[in-house]
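Colleague: This structure is in structure tokens; I'll ask about it shortly.
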Amino acid sequence: MTRNLIDFAKLAVAGMALCVAVVSSPAQSQESSSDILKKVLERGTVRVGECMGLAPFAVYNASNEPEGYDIDIANELGTGLGVKVEIVNVDPAARIPSLETGKVDVVFCDTTRTLDRLKRVSFTDTYDVTGTVIMSAKDTPVNSLAELEGKSVAIVKGTPYGDLVKKAAPTAEVISFNSPADIVTAVKQGQATAAIENSAFLNYAAKLDPSFHVTSDSVIELYYNSFAIPQGQPNWLAFLNEFIFELNTSGKNAALYKKWFGVEPPFPLNPKF
Amino acid sequence: MVWAQIWESRVQILVGLEGTVVISAIALVTSTLFGGLVGIFNARGPRALKWFLRIYIEIFRGSPLLAQLLIVYFGSAYLGFDGVTAFMAVVVTLTLYEGAYISEIVRSGLEAVPRGQEEAARTVGLGTFQRLRYVLLPQAIRIIMPALVGQWISLVKDSALSSIVGYSDLIQQGQAIYARIGHPFAVLAVIGVAYFLICSPLTMLARRLDRRRVRT
Amino acid sequence: MNDFYYVLSRYLPMFLEGMKTTATVSVFGFLLAFGIGLAGAAARQSNSRIAAAIAGVYVEVIRNTPMLLQIFIIYFGLPSIGLKFSNYQAAIIALGISGGGYLIEIFRSGFAAIPRGQREAANTLGLSPADTYFSVLLPQAMRIVYPPTVGQFLQMVLGSSLLSVIGLTEITGQAQLISEETFMSMPTFIIALLAYLILTNVISLCATVAGRFLFKPPLHIVQGRMNGPRIFPRRAKG
């Protein structure tokens, strides 16, 4: 152990300067106000924000590689742009801040368009239409929002379902978890009577585990889910919209959906313009 | 068999192990350097600075690490800082948080050196800096080491919070594995063993240092 | 600054609710930890090698694994071997088990610090083991362990923030929900931080004052001299 205090101090100052430099110079993010499309093409990589753990949209397989419906679409996007794809794991609650601070170029995560969110980010056209369903255990089934009165419901932090439940069933106890996988575990282990999330995710979970019961119809109006991008990006928005248009009209979207969910898309997208 | 499935997921576990080790090692260095400096200044610096440092220490020791991490990670977005990744947020927060504890360890170590040493050094004509370098710190280090290693162990455990902001450490990977294959208890037990293997040597080191200190 | 007042005025009830939950689980968790601590310390001292070994292993496991992991195991892991807890119950158990591991060590060193002479004198006087324990050893040990035990309780209050990951509506969990609704993350989490600072300092102050009254002679927690003005009493490290 060195007893040389001067070296220690020099090392300390250098170390701290290094840390300050590391922390304050964002390595990859550029000004989020400049053109993202241009930046992506220059950089040669597109950073796609994904909520890993939302099966089968995006999960890590045993070799720790991302795979899933969203991942395949992201790879298609990379091909369309002619760049590499970098998947960045974002928390559902951190989707919007990640865009605002330039951590990612686009967020998938099966994000729903809402007016509230549009105040802070922009959305592309729809790439996936889902309903909202309630999942419960087979022996204590819940079939509508009203039936949630007095029961415990698991939701994911940062999703709009909490308010939805509170309005329809004011005496329901809402438990907010950090990740979608947690709400499935909570219902499975009986720590929550029900879980409410988008239909694609919960139907898939029920397919894997027949002990679950899922409401067959969407309990509210359909959600039209899109990619989210920072505001003020007309070129990026135009590119992504055209990308989604081609994805739908070529049938690729439906094919990928069938590959990962095992069924035809329940709400098919066939833009005719 | 559960264990076979976990064995198949060993890549994910190793990624998590690497994540934990990397972030712990880096935060260990930065927090020790930072905490060391703060501790030295708190013991020997000007009065105004000590007052300021004391406020810093009280705030960071009196509030939870998770709240501090969320402030750094999400608050940076609110303040307009671009590109703060989970990794950066965790390193910064751990540096400040563990640094506060380490600074107290360093400070009390310096204060524990017998007064006579300092007085003798002053009589001989050594300046403050030289006193620190040649007389106080070398003797203080023996007192500081056990507690410091103990704090390092806490740091490794505290690094687990990085999973909450999405960093791929052991816990995050463990969650990903049992989301895929189920059996949360078995998977988490394996993760626990991994942490145990990292922390145990440090604990034994701390104990040995403690015993040596008592004997001298 | 406006954001700060906005969050504070509209969401104060939620924060107070959170503080109530934090305080409740911390107190119950501490009671559990205290019990585990006493039992474990007794086991470590006892003649039964097995009991001492079990307590020893328990302490090692707790001290070498992160509390976050312990929380996950108790809430998400145990159900797969049949033990199912609500998040409230899991919170108390996790805090209790974690704190208990540290309190075992604190109590053990507290008892060890009592001079041998005490036990020998009690023996000479013909006191029974139970009498020795309750009238001679325990009161002296209490004095020694009081500051670190209070420190451990404070660590539990701070550790309760981790319980937000199992959906408990304590301070940090409430702050996360508010932050998602309002998007004003900085003011919200700063208020949460202040809530914890208030809690820990109030508890610390009460403990110091209580220390003067509860013990005879009054227990003055030793404060250091070298630093400048001390704003808050220094807590002993647990």
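Colleague: What number of residues within the stretch B:171-198 are of a type outside the set (A, V, I, L, M, F, W, C) and touching a Phe, Trp or Tyr at 6+ places or on another chain (Cβ under 7 Å)?
Modeller: So the count comes out to 1.
Colleague: Can you tell me which residue is farthest from A:ASP217 (Cα to Cα) among those in the stretch A:99-125 that are among the hydrophobic types (A, V, I, L, M, F, W, C) and within 14 Å of chain B (Cβ to nearest Cβ)?
Modeller: A:VAL104
Colleague: Taking the stretch A:39-59, which residues are in a strand (DSSP E or B) and over 14 Å from the mean Cα position of the chain (by Cα)?
Modeller: Within the stretch A:39-59, A:THR45, A:VAL46 meet the criteria.
Colleague: While we're here: Between a first residue in the stretch B:113-133 that is more than 14 Å from chain A (Cβ to nearest Cβ) and a second residue that is surrounded by 13 or more Cβ atoms within 10 Å (Cβ to Cβ) and of a type in the set (S, T, N, Q), which pairs have beta carbons less than 7 Å apart while being 6 or more apart in sequence or on different chains?
Modeller: B:VAL113/B:GLN139; B:GLN117/B:GLN139
Colleague: Do we have any residue at all in the stretch A:195-207 that's in a loop (DSSP other than H, G, I, E, B) and in contact (Cβ under 8 Å) with a residue 24 or more places away in the chain?
Modeller: no
Colleague: Another question, if that's okay. Could you list, in sequence order, the residues of the stretch C:188-202 that are more than 7 Å from chain B (Cβ to nearest Cβ) and surrounded by 23 or more Cβ atoms within 10 Å (Cβ to Cβ)?
Modeller: C:THR188
Colleague: So if I check each of A:ALA154, A:ALA146, which one is farther than 19 Å from A:ASP91 by Cα and either aliphatic (A, V, I, L, M) or in contact with a helix residue (DSSP H, G or I) (Cβ under 9 Å, 6 or more places away or on another chain) (or both)?
Modeller: Just one listed residue meets the conditions, A:ALA146.
Colleague: Sticking with this one: I'd like to know if the stretch C:85-102 contains one or more residues that are modelled with pLDDT under 90 and of a type in the set (Gly, Ala, Ser).
Modeller: Yes, the stretch C:85-102 has at least one match.
Colleague: Condition check: β-branched (Val, Ile, Thr), within 24 Å of C:VAL165 (Cβ to Cβ) and either part of a helix (DSSP H, G or I) or away from every other protein chain (no Cβ under 14 Å) (or both). Does A:ILE96 satisfy that?
Modeller: yes
Colleague: If a residue has to be at pLDDT below 90 and either facing another protein chain (nearest Cβ under 7 Å) or surrounded by fewer than 20 Cβ atoms within 10 Å (Cβ to Cβ) (or both) to count, how many in the stretch B:51-75 make the cut?
Modeller: Number of matching residues: 2.
Colleague: Out of all the residues in the stretch A:126-145, is one or more within 8 Å of another protein chain (Cβ to nearest Cβ) and in a strand (DSSP E or B)?
Modeller: No: the stretch A:126-145 contains no residue that is within 8 Å of another protein chain (Cβ to nearest Cβ) and in a strand (DSSP E or B).
Colleague: Exactly one of these conditions fails for C:ASN87: (1) over 29 Å from C:TYR196 (Cβ atoms); (2) touching a strand residue (DSSP E or B) at 6+ places or on another chain (Cβ under 9 Å). Give me its number.
Modeller: (1)
Colleague: Out of the stretch A:212-245, which residues are loosely packed, with under 14 Cβ neighbours inside 10 Å and within 18 Å of A:GLU76 (Cα to Cα)?
Modeller: Those that are loosely packed, with under 14 Cβ neighbours inside 10 Å and within 18 Å of A:GLU76 (Cα to Cα): A:ALA238, A:GLU242.
Colleague: A follow-up question, please. Quick one: in the stretch C:1-38, which of the residues that are of a type in the set (A, V, I, L, M, F, W, C) and free of Cβ contacts under 8 Å to residues at least 40 places away in the same chain is surrounded by the fewest Cβ atoms within 10 Å (Cβ to Cβ)?
Modeller: In this case the residue turns out to be C:MET1.
Colleague: Pick from the stretch A:146-166 the residues that are more than 14 Å from chain C (Cβ to nearest Cβ) and not in a loop (DSSP other than H, G, I, E, B): which of them is nearest to the chain's Cα centre (by Cα)?
Modeller: Looking at the filtered set, the residue picked out is A:LEU148.
Colleague: Could you tell me whether any residue of the stretch B:189-209 is surrounded by fewer than 17 Cβ atoms within 10 Å (Cβ to Cβ) and within 14 Å of chain A (Cβ to nearest Cβ)?
Modeller: yes
Colleague: Out of (1) closer than 30 Å to C:PHE153 by Cα; (2) in a helix (DSSP H, G or I); (3) more than 13 Å from chain A (Cβ to nearest Cβ), what's the single condition that is false for B:ALA48?
Modeller: (1)
Colleague: Here's another thing I want to ask about it. Out of the stretch B:77-94, which residues are at pLDDT below 90, surrounded by 23 or more Cβ atoms within 10 Å (Cβ to Cβ) and more than 7 Å from every other protein chain (Cβ to nearest Cβ)?
Modeller: Matches in the stretch B:77-94: B:ALA86 only.
Colleague: Also: Could you check how many residues of the stretch B:166-211 are free of Cβ contacts under 8 Å to residues at least 40 places away in the same chain, of a type in the set (A, V, I, L, M, F, W, C) and within 21 Å of A:PHE177 (Cβ to Cβ)?
Modeller: 3
The values are calculated or read from the model by the stated rules, or taken from the named source; none is laboratory data. As the structure is a computational prediction, the values presented were derived from the model and not from experiment. Because the Cβ atoms are built from the backbone with ideal geometry, glycine has one as well, and the counts that use them run over all protein chains shown.
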